[in-house]
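All remarks here apply to the structure that follows.
No lab work stands behind these numbers, since they all come straight from the coordinates. None of these values were measured; they are calculated from a predicted model. In this analysis, Cβ positions are derived from the backbone assuming ideal geometry, glycine residues included, and neighbour counts consider all displayed protein chains.
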């Protein structure tokens, strides 16, 4: 997660990647996922948090997580 | 602190859509502790910097470098006699040759510069980039200097379409077919002379570095920037400082190996694979220098101090995520100012 730790993340969901100057925006779920990833939480723990926070079932929470992880990988924001 | 007032002459007051670096250089100096009287040296009577309130203390028109060294030096001597110039910062590629060639003569007059040697200046020319890259172990796109448009029909491999065709000093166009290539060849050769340079287009992000070398191999300052908004002339209209360690490593390597003296701009392409291609070295301060000042490295001030022979501590850090956004602004001038520039060549 070293790449992720170098990303500046604001409370508004604005992400800045200092090594390239790229910026991104994310929604509330994305922001929670990012912060949990930074804390080193497992995927299972993150899914549980999403279920609690947004009152969704495990399938939807998992879909949100893995879609977002795909986005982070595609933008080279995580290893 | 030294309170001496220095007279600093600066060219490149053309703050237009393809801006010269003069105005941001002056802003940097004005932001610094230097006590300076600013003399603008302009080549055109409508360069905006001449008329910007509070920017220059006085402006003189200069003859174009193409009119020859005699007229150029005569005019500088005249201005020096009136103003007693301590430092000149030339900001145009096309005038650098003269300033470098006569830097000793200028120094004997009491005018300091901080410029690369003629060898350093010539060596990094666009038409010599392949040799340069080989000598200093840098990656550059395949390129060829072309002196005849017929050569465009038979470019060496691996150059393929699209490629960039570049003028000797300025301007570049993307070329997708032979006819386009010939059209731009004629345009560029008529404007900037020969050779015209063909350079393979590399897919990636354009990243630039402004740097300052002390002439001993040390990097005194270096700030990396990513262009965020590029005009149809290829100029940055917005940019952001970035923390690209590899890019800064390459910069340090080039300055160390070449013992570069003075300011420079490295224009590079970073590919998706993380490879860096050097596409150009500009042997002067770039127009986006004020971003470096805003990020914590006042390169114009450092350059002035180095020119004066002062000891300058290298700047090793800068603020990442600083942005610049250019804008245009209509100045209201008076015909009497324009008249003075036209009739007397000074304002």
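Worth a mention:
- For the stretch B:127-173, the convex hull drawn through the C-alpha positions has a volume of 91 cubic angstrom per residue.
- One equal scatterer on each Cα of the stretch B:142-200, no solvent, Debye formula: the resulting log10 I(q)/I(0) at q = 0.17, 0.22, 0.24, 0.26 Å⁻¹ is -0.42, -0.72, -0.88, -1.05.
- Neighbouring Cβ atoms from other chains, within 10 Å of the Cβ of residues in B:237-244, number 3 on average.
- For the pair the stretch B:1-74 / the stretch B:170-247, the C-alpha centres are spaced 24 Å from each other.
- Packing around the peptides B:60-72, B:298-310, taken as the average count of other Cβ atoms within 10 Å per residue, puts them in this order, highest first: B:298-310, B:60-72.
- Its Cα gyration tensor gives the stretch A:2-74 an equivalent ellipsoid, and the semi-axes of that ellipsoid, as √(5λ) in whole Å with the largest first, are 22, 12, 11.
- Alpha-carbon Rg with Dmax, taken over the stretch B:1-74, Å: 13.1, 42
- When you count the other C-beta atoms within 10 angstrom of each residue and take the mean per peptide, B:218-229, B:172-183 line up highest first as B:218-229, B:172-183.
- The peptide list B:94-100, B:27-33, A:8-14, put in order of mean Cβ contacts within 10 Å with the highest first, becomes B:94-100, B:27-33, A:8-14.
- Between residue B:331 and residue B:4, the simple label model (points 7 Å from Cα in the Cβ direction) yields a spacing of 3.0 nm.
- Evaluated over the protein assembly as shown, the Cα radius of gyration and Dmax, each in Å: 24.8, 83
- The translational diffusion coefficient of the stretch B:140-294, from Stokes-Einstein at 25 °C and 0.890 mPa s with a Kirkwood hydrodynamic radius over alpha carbon pairs, comes to 149 µm²/s.
- Label-reachable residues, the stretch B:135-159, where backbone N falls under 17 Å from a point 7 Å from residue B:177's Cα toward its Cβ: B:152-154
- Estimated FRET transfer efficiency (residue B:57, residue B:134; beta-carbon r; R0 60 Å; 0.05): 0.80
- Nearest-ten-degree value, helix A:28-38 long axis tilted from longest Cα axis of chain A: 70
- Averaged over the residues of peptide B:252-265, the number of Cβ atoms from other protein chains lying within 10 Å of each residue's Cβ is 0.
- Using alpha-carbon coordinates, inclination of helix B:69-83 to the longest axis of chain B, degrees: 40
- Using a Förster distance of 56 Å, the FRET efficiency for residue B:259-residue A:74 (Cβ separation, nearest 0.05): 0.85
- Inter-chain Cβ neighbour average for residues A:18-25, partner chain, 10 Å: 6
- Value of Rg/Rh across chain B [Cα atoms, Kirkwood radius]: 0.96
- The fraction of all Cα pairs in the stretch B:78-165 landing in successive 10 Å bins from 0 to the largest distance is 14, 32, 24, 17, 11, 2, given as whole percents.
- Cα-based helix-to-principal-axis angle, B:335-344 vs chain B, degrees rounded to 10: 90
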